[in-house]
Amino acid sequence: MDKEQMVVYGSHELKLIDRREIALTGIKKITSFDQEEFLLESIMGLILIKGSNLEIMRLDTHDGNIKIKGKINSFTYLDNKETKKEESLLSKLFK
């Protein structure tokens, strides 16, 4: 593989502890959040975390680390197809 074609992602890690706490590294941006859902932009793509009573325990914007507590029901890495479906659903609701 040529050096021009190589993509360097950096470091991304996800650690789930007893479905009560989730720690992530390699986070670029928090797109949206509330007590039931977090949408995060990581160096590996969008991550959707769903649960209940979710809240940020620790946030380090310089290093891109976040720790969230609450009941974690699921986490999903989204690709472009899934985000377009969500956007179209939201746009339909608000028309």
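The values are calculated or read from the model by the stated rules, or taken from the named source; none is laboratory data. This one's a predicted model, so the numbers in the text were calculated from it and none came from an experiment. FYI the Cβ positions are ideal-geometry reconstructions off the backbone, even for glycines, and counts take in every protein chain you see.
Tabulated data for the structure shown
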read-out: The listed residue being in contact (Cβ under 8 Å) with a residue 60 or more places away in the chain and in contact with a strand residue (DSSP E or B) (Cβ under 7 Å, 6 or more places away or on another chain), out of 39, 24, 14, 59; value: 14
read-out: Test result for residue 25, surrounded by fewer than 16 Cβ atoms within 10 Å (Cβ to Cβ) and under 22 Å from residue 11 (Cα atoms); value: no
read-out: Qualifying residue in the range 61-77 (condition: farther than 22 Å from residue 10 by Cβ, modelled with pLDDT of 95 or more and loosely packed, with under 12 Cβ neighbours inside 10 Å); value: yes
read-out: When residues of the range 47-60 are limited to those that are closer than 13 Å to residue 23 by Cα and surrounded by 15 or more Cβ atoms within 10 Å (Cβ to Cβ), the one farthest from the chain's Cα centre (by Cα); value: 54
